[in-house]
Amino acid sequence: MTDRPQTSANSMWGGRFAAGPDAIMEAINASIGFDRRLYAQDIRGSRAHAAMLASAGIISDSDAAAIGEGLLTVLSEIEAGDFPFRSDLEDIHMNVEARLKEIIGEPAGRLHTGRSRNDQVATDFRLWVRDQCDAAVEALGALIRAALGQAEAGADWVMPGFTHLQTAQPVTWGHHMMAYVEMFGRDLSRFQDARKRMNESPLGAAALAGTGYPIDREMTARELGFERPMANSLDAVSDRDFALEFLSAASICAVHLSRLAEELVIWSSAQFRFVSMSDKWSTGSSIMPQKRNPDAAELIRAKIGRILGATVALFTVMKGLPLAYSKDMQEDKEQVFDAADSLMLALAAMAGMLSDLTANREKLEAAASAGFSTATDLADWLVRELGLPFRDAHHVTGSLVALAEGRGVDLPDLSLADMQGVHAGITEDVFGVLGVHNSVASRQSYGGTAPVQVRAQIARWKEKLA
């Protein structure tokens, strides 16, 4: 999309060139195959522009009214699937304007007064990305609510907490789910924050230098829901920070989705059986009847590849461009469109999976009780009750773990005599900290895994979402 003149074969352009572009040039130059998705934003921006031109006395009220009504007709045709998109008209802007001229005649030629396709596409694209930020915020809200539901149901269910995918300390299912609530909450705030920054209107910057017509940029900004006009016309037409910021936020969100999807894949395996997915989110095998494959989770896990790829692609397009508009910037949309589609689908699928997910409380607790998960509690008890330096307590605990491991039992299964054989000061009271429920109940520091803390965080998030 650019404002440089084109061939006389295109009636929208005039007589700058004597010969039309060949088929290859038309194919590489046209963007209507993908930018038609901007039709609603394009028509909305054009209607706001026409109303402003009339208010400023630049065109007549009757022409503005005809343009406004004609654009609504174009909108209805597109939404009904009756609009004849033409690649020889290059993009959504020229397609809409050409059809408008067929509908209302000569007044259509006045619509482009005081603007350029450069500020027009910048406005359309910014409106579209702003809408996607709103959609992402809504979808993330639904996902957070689904995770909160899981956390509330299992606020006191114990499960193993992992580091290096090795059993570390007992945590609660609710605590684990709340970790993702925090992640998705940050994602939500990133989209909200990006939206605030992009909420300035490029319309009226024209090709790059502004316009000599007495336009009212404040009026069009208000009409389109922007907070203000952009303050520099060069920046207005050449900026794609808003798209890069959306893609960056989408990439981080997709990483979080991928991490949760990976855990669901692991947890639903026969080796773990921590969770069961409903038939809505699982598929069978063509030859192995026992299989239930977590395909939805695996596909969500893969979406980061497409979304991050789009992010890198647009950064690469923009990295070396001089001011102001360059045709390279036509390559900004397909990646954003694809990334937004992938993100919204992944968010909806994950919210659905979490809503239907069944956690196996018994399996979780059995796993939490294995792997010497209360070793840290034992070390802390030695420090707290016997006054050992932590490094000494760590050594004593390691010796007890080795003893239990050699006997094929867990720490609570050792006798007091066994423990006193390693350190004579250990008393019967030690068994009060070795159970997994005792362990999680003791972790009452702010943000800890104790059920009381988990429930407090659930209440905080419910209030925040409300």
Under the rule that an exposed site lies in a DSSP loop and has at most 14 other Cβ atoms within 10 Å, name the longest stretch of the chain with no trypsin sites (Lys or Arg not before Pro) of that kind, not counting the sites themselves.
87-290
Pairs over 32 Å Cα to Cα, from Lys303/Lys464; Lys101/Lys333; Lys101/Lys319; Lys319/Lys464; Lys196/Lys280, come to Lys101/Lys319; Lys319/Lys464; Lys196/Lys280
Taking the chain and counting helices only, DSSP H stretches of n ≥ 4 at -39,500 (n - 2.57) each over all residues, the nearest-500 ellipticity at 222 nm comes to -20000 deg cm²/dmol
Rounded to whole Hz, the Karplus (6.51, -1.76, 1.60) HN-Hα couplings of the range 376-381, x for glycine and proline
5, 4, 5, 4, 4, 5
Where GluC sites (Glu not before Pro) fall in DSSP loop in the range 212-310, at most 12 other Cβ within 10 Å
Glu227
Computed over the chain: longest principal axis from alpha-carbon atoms vs helix 39-55 long axis, angle to nearest 10 degrees, is 50
At 4 °C and 1.567 mPa s, the Stokes-Einstein diffusion coefficient in µm²/s for the range 369-465, with hydrodynamic radius from the Kirkwood sum on alpha carbon pairs, is 89
How far is the Cα center of the range 424-457 from the Cα center of the range 133-195, in Å?
22
Suppose a student asked you for the relative contact order of the chain, using Cα pairs under 8 Å spaced at least 6 residues apart; what percent would you report?
16
Using θ = phi - 60° and the Karplus relation 6.51 cos²θ - 1.76 cosθ + 1.60, list the HN-Hα couplings for the range 413-430 in order, rounded to whole Hz, with x at every Gly or Pro.
7, 6, 7, 4, 4, 4, 5, 5, x, 8, 9, 5, x, 5, 10, 4, 4, 4
Kindly write out, for the range 201-209 in residue order, the coupling ³J(HN,Hα) from the Karplus curve 6.51 cos²θ - 1.76 cosθ + 1.60 (θ = phi - 60°), rounded to whole Hz, with x marking Gly and Pro.
8, x, 4, x, 6, 6, 5, 5, 10
Keeping all protein chains in the complex and leaving out DNA, RNA and ligands, what accessible area do you get for Ile252 with a 1.4 Å probe, in Å² to the nearest 10?
70
How are the Cα pair distances of the range 74-149 distributed, in percent, across 10 Å bins from 0?
15, 32, 27, 14, 9, 2
The range 360-382 and the range 200-275 have their Cα centres apart by a whole-number Å value of 44
Treating the angle as unsigned and between 0 and 90°, give the value, to the nearest 10°, between the Cα long axis of helix 61-80 and the longest Cα principal axis of the chain.
50
Per residue, in Å², the accessible surface of the range 48-96 once ligands and nucleic acids are set aside, probe 1.4 Å:
38
Quick one: helix 333-356 against the long Cα principal axis of the chain, what's the angle to the nearest 10°, folded into 0 to 90?
40
Compute the relative contact order of the range 23-110 as a whole-number percentage, counting only Cα pairs closer than 8 Å that sit 6 or more residues apart in sequence.
42
Would you pull out the residues with amide H under 5 Å of Trp157's amide H, same chain only if 5 or more places away, H placed 1.01 Å from N?
Trp173, Gly174
Given the range 23-110, report the % of alpha carbon pairs whose separation exceeds 18 Å.
43
At 1.4 Å probe size, with every protein chain present, just tell me what the per residue accessible area of the range 232-372 comes to in Å².
45
Distance from a point 7 Å along Cα→Cβ of Leu323 to each backbone N in the range 246-265: keep the residues under 16 Å and list them by number.
none
Round to a whole number: what % of the accessible area of the chain belongs to carbon and sulfur, probe 1.4 Å?
53
DSSP-defined antiparallel bridges as percent of all bridges, the chain, nearest 5:
75
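The values are calculated or read from the model by the stated rules, or taken from the named source; none is laboratory data. Values in this document were obtained by computation on a predicted structure and should not be read as measured data. So basically every Cβ, Gly included, is an ideal-geometry build from the backbone, and we count neighbours across all protein chains shown. With ligands, DNA and RNA removed, areas are computed over all heavy atoms of the protein, side chains included. Shrake-Rupley method; radii C 1.70, N 1.55, O 1.52, S 1.80 Å.
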